[in-house]
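Student: Structure incoming, see below.
The values are calculated or read from the model by the stated rules, or taken from the named source; none is laboratory data. From a predicted model like this one, the values you see are computed outputs, not experimental measurements. Backbone-built Cβ (ideal geometry, glycine too); neighbour counts: all protein chains shown. These area figures cover heavy atoms from the full protein model, side chains too; ligands, DNA and RNA do not enter into them. Shrake-Rupley method; radii C 1.70, N 1.55, O 1.52, S 1.80 Å.
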Amino acid sequence: MEIFLMIVYVLICLGLIATVLLQSGKSAGLSGSIAGGAETFFGKKKGIDEKLARYTELLAVGFLAMSIIMMVFLK
């Protein structure tokens, strides 16, 4: 049981790291801050960035849940 939980936890951690690193940067100097602010204001997102943001949210929730589960069961 412990080994299974650890394997799932490591896979979630690696997935979370990968999704965060695959997302495009939100700033590229002065021009990026202006364009990034406009995109945030108008809600414009690219297709892949929207999916990666959603996957990041899901993996972050999974990371939190697995951390709590492991804390309770693997004392």
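Student: Set the Förster distance to 22 Å, then compute FRET efficiency between MET1 and LEU58 from the Cβ-Cβ distance, nearest 0.05.
Tutor: Working from the Cβ atoms, E equals 0.40.
Student: Could you sort MET1, MET66, MET6 by their accessible area in this structure, using a 1.4 Å probe and putting the largest first?
Tutor: Descending order: MET1, MET6, MET66.
Student: Further question on the same structure: Between segment 44-75 and segment 2-19, what is the separation of their alpha carbon centroids in Å?
Tutor: 11 Å
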